[in-house]
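The next block holds one structure in the form of structure tokens; read it before the comments.
Nothing in this text is a laboratory measurement; each read-out follows from the coordinates by a stated rule. Keep in mind that what you see is a predicted model, and the values were worked out from it rather than measured. Positions of Cβ are generated from backbone atoms using ideal geometry, with glycine treated the same way; all protein chains shown enter the neighbour counts.
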Amino acid sequence: MPAPPSKTAKFFADDTVMLRNANRLGVVSKTWQDIDEGAPEEEIFDDAGNLIELKPGQVYITWVDGQERSQVLSEDDLELYDRVLALGDICKKDVDSHLSGTVIEHSLELVLEHTFTGQRLEGVKGIEIRHSFEYLEGNFVIYNNWLGILDEAQDAVTVRLPNSSIVTVERADELEPPELEHMEEFLPDRVAVGQVVTTTKGNLRRGKWRFGAYDPKIKPEAVVVNVETERVVVRWICQNPMQHQGRYREIPEPQPVWEGDELQKLHIFRSLSDATTFQVGDRVVFNDRDNEVNTRGVRRISREQSMGYDVNIFCVVSTKNFVRVLWQDLTESSHAATELFAWSNWVDEYDLYPNEYVTKRNETKVGVVHSVDPASRVAKVRWFVDPTLQRREFAEGVEVMSLYELAAHATAQVRRGDHVILPPQGSENPGTPDEPWRPGQEQLNALFNGLDENERVTAMARFQEEFTPLFTQATEENRANGTANPYDMIARVISNVSTSLQSSSSDTLVRVGRGLAQIAQFAAPPPVPSNAVIDWFGEVVGITPDGMARVRLGSVEGEPIVERGMTEVIVVEEELENAVAGAAGFDEDDSEGDDWEDESDEGMEPEAEADAEGWVDVDDDEEMTDAETGELRVDQITDVRVPIDSSVEENSHSVPSESAISASTEVSNQLTGDLNIPINHEKWEKLMVLEAAPSSHHFFNQPSAAGNRTFISRIQKEHKILRQSLPEGILVRTYEDRLDLLRVLIIGPVDTPTEYAPCVFDFQLPSCFPADPPLAYFHSWTNGMGRINPNLYEEGKVCLSLLGTWHSKDSSETWSPSSSILQVLVSLQALVLNREPYYNEAGFGVYQGTREAAVSSRLYSEKVYILARGFVKYVLEHDIDGFADELKWLYAASDGPHFLKKVVESGREILERSIGEPATATEDQDLGKEGVGRLTPGASSWFKRTLSSLEEHLAEIETA
């Protein structure tokens, strides 16, 4: 049995560490295991500007005293002092264990130091204090039923100079720590009371002098005595979706900039997590400032001593985090955070936790997780009687389910620490942004329905006569200026109609006019004042065993907590720009990779570029298409004259070199093993040009690429390369009427979880090919059970740097005009369909060989193995256009390589060795021939159904 992985990280980002044999604290800024997404802010450099690549066992430390630059140190030189875990975080206590849990309670103990007297206070609880800044970037802000995030705060900073004169400086952003030298990285975003700062004399001279006067002889070094926020910028993200009597109405978005006295109108939501997020160096004050002397023995500096300013501010010197964890097996325990480590990076799509909402895959059943046995990969679930959740009643008992049969509920993903919108319960006809409730409509109906028939006819006719022209005029004005509140507009129109009707000689119309006056007031309610109870927004502080979210509402006084079903709240996402919460957002699968598209070719004329590279010496604009259909025709390729001089081909940067082609094939052969396919058999034609593209081709309905000679000649070159150099296990089909389309069959390499599995890809060559890479689509047959590989999405996306769908720092891994289709296919076969697909996830390569990832990698591989067997089942039951005969020969023919028999025999062997108690993480290192080791009981129960179906197919073939 191979030795288990030995590499493991001792520290993680944001850990507080102490230098061994020295009383010096630092914060881990980056570790050798951090996922590198390639963003510039994640890179670190030395004094010479050289990029620093951390080696295993190294960390990048920022010292909290700011007396020295950040530096790279060995983990062995440091000791863990504190670790930050937040409410709702997933964590583990043993890297080799399958068991993980959720942080359900969090507390913090701190050591504080008075910024002026130096008095130290130990054992201070996080709930006793708050930040000295009233407005913090990242705070949730509420105003007039709009929710926003505070993006920026600007302060007026007052300082005391050595001669005791006091001035509010002109520009706070020109204050710096003294003796800066190379300490730019320690510049705080905001200066705080007690900090020593230096600035320019001009910044002092132009300031507001509170005491004394400017003296150019005085050194411009001072201590901060007061910080007052004077301006904030708010990014409004959504409005209360049902803000008036349980109904939606659109409200104009508030202004982004707030200054001076206007700041008092904003309601700042204080999260419970604020009491657990203090870091070393933060400036804080006690919540109960009147009693801090009695309760903590604080030696206060009076305002008389500090020229009228309150300078009793404390600096956080050290922290100690403590948490309580609800484990997957339903046990609970309390720990210092240093005894645990965050597990979020390694959680996979099948990990579930107690009290979460789940559905049974491909069924309508909805339930709540009772407990989970992660080593066996099974969970106990309580099912709701009504899957619509109109009635929150559970069926009797619990059911033991494989985790692979369950999926997290699509609309009930709520965790502790989430901020949520709470629509009113039981509201009728709430309306939506698309079909808004019109204010006053029900009252208007009630008003007219209260009249007798004759009065109603008269009143409604007069109302329409008065209302219609006024409403039309107001609407046009509203569109013209673009600033008027549409609901204020309606209220104004109704008010005008009311005035007109009340001047009538008809008693009926006067009564209607008075009723309209009340409706006008109803239609435009005043803004919610900042100190009102906010009952539509809050923070999830707990989840009950029956799946109810406990939400602390956003009120100023008290902390009212309500319980709501998880489907009855809307999780607030910062990405919800100017939309009702939960009504918009980013689709991860759709957006991932789009941000990394190479823009270097923007504005380039691909055909002219190709011509410059010397592919062909003909007119690029001459079309090679069918005159009637405009489609590419294979019979026209023969008329194209391509340079055949060897020196031209070898020196052309646009032509794939022979050495590159040979290397690609060799790499594939080395990494994929031997499938033992009789490649000279008539059924195994590497490249075939079929008559017509099938409608099942993903790009069939896309316009065909322009058929100029450059494009045609490049296709001819690609075909030649594929015929000569395609490795074993890959077939390519293209079409006479659509030479820009290809369909590819790749057989999963042996000794991998996908071995003998058929993987089908569709490609389209764009009109600017080869300047741009092919477009790709993967035919996933997982039926909603997840991805077969991190690079191959269920919706068909193929994530590969060579295709431009993922960013790579290495330019050799990106597409260029000299790249070839062969390179793409070899990358898919050898590098994507590999033995340990878990590490294909972006940035996860650094975890390969580590203990932290060993369990997750094995569990991912067992899922891939079972899904891949499902691909075999799929092609046995469905004809795949272009490969129907070839697939039957591979899996079922008497003169074929008998892949189905090999798949069945392998499956039986794996099930046999998986019998018994689940293996521990350290015992699982013998991954077997297929790279999956022993299947967990949950995986085994799932796989047995697939294997049984494959055995039935095999029996039919053998008896035929």
For the range 659-959, one quarter of the surface area of the C-alpha convex hull, expressed in nm², comes to 15.8 nm²
Loop trypsin sites (Lys or Arg not before Pro), the range 680-725, which have at most 10 other Cβ atoms in a 10 Å radius of their Cβ (DSSP): none
Starting from the alpha-carbon convex hull of the range 754-794, give the projected area averaged over all orientations, in nm². 3.7 nm²
What is the distance, in nm, between label points placed 7 Å from the Cα along the Cα-to-Cβ direction at residue 233 and at residue 948? 6.2 nm
Averaging over every viewing direction, what projected area does the convex hull of the Cα atoms of the range 280-328 cover, in nm²? 5.3 nm²
Just going by the charge dipole of the range 62-214, with Lys and Arg at +1 and Asp and Glu at -1 on Cβ, which of 161, 198, 175 is farthest out on the positive end? 161
What ranking do 740-747, 359-366 get when scored by the average of other Cβ atoms within 10 Å per residue, highest first? 740-747, 359-366
Per-residue HN-Hα couplings for the range 839-855 [Karplus 6.51, -1.76, 1.60; θ = phi - 60°; Hz; x = Gly/Pro]: 7, 6, 4, 3, x, 7, x, 5, 7, 4, x, 9, 5, 4, 9, 4, 5
Taking the Cα centre of the range 107-164 as origin, work out the dipole magnitude from +1 charges on Lys and Arg Cβ and -1 charges on Asp and Glu Cβ, in debye rounded to 20. 220 debye
Can you pull the one-decimal nm distance between simple spin-label points at residue 813 and residue 152, each 7 Å off the Cα toward Cβ? 3.6 nm
What ranking do 15-22, 795-802 get when scored by the average of other Cβ atoms within 10 Å per residue, highest first? 795-802, 15-22
What are the ³J(HN,Hα) values, in whole Hz, obtained from phi via the Karplus relation 6.51 cos²θ - 1.76 cosθ + 1.60 with θ = phi - 60°, for each residue of the range 876-883 in sequence order, with x given for Gly and Pro? 6, 10, 9, 7, 9, 3, x, 9
By average Cβ neighbour count within 10 Å, what is the ranking of 876-887, 382-393, 895-906, 99-110 from highest down? 99-110, 895-906, 876-887, 382-393
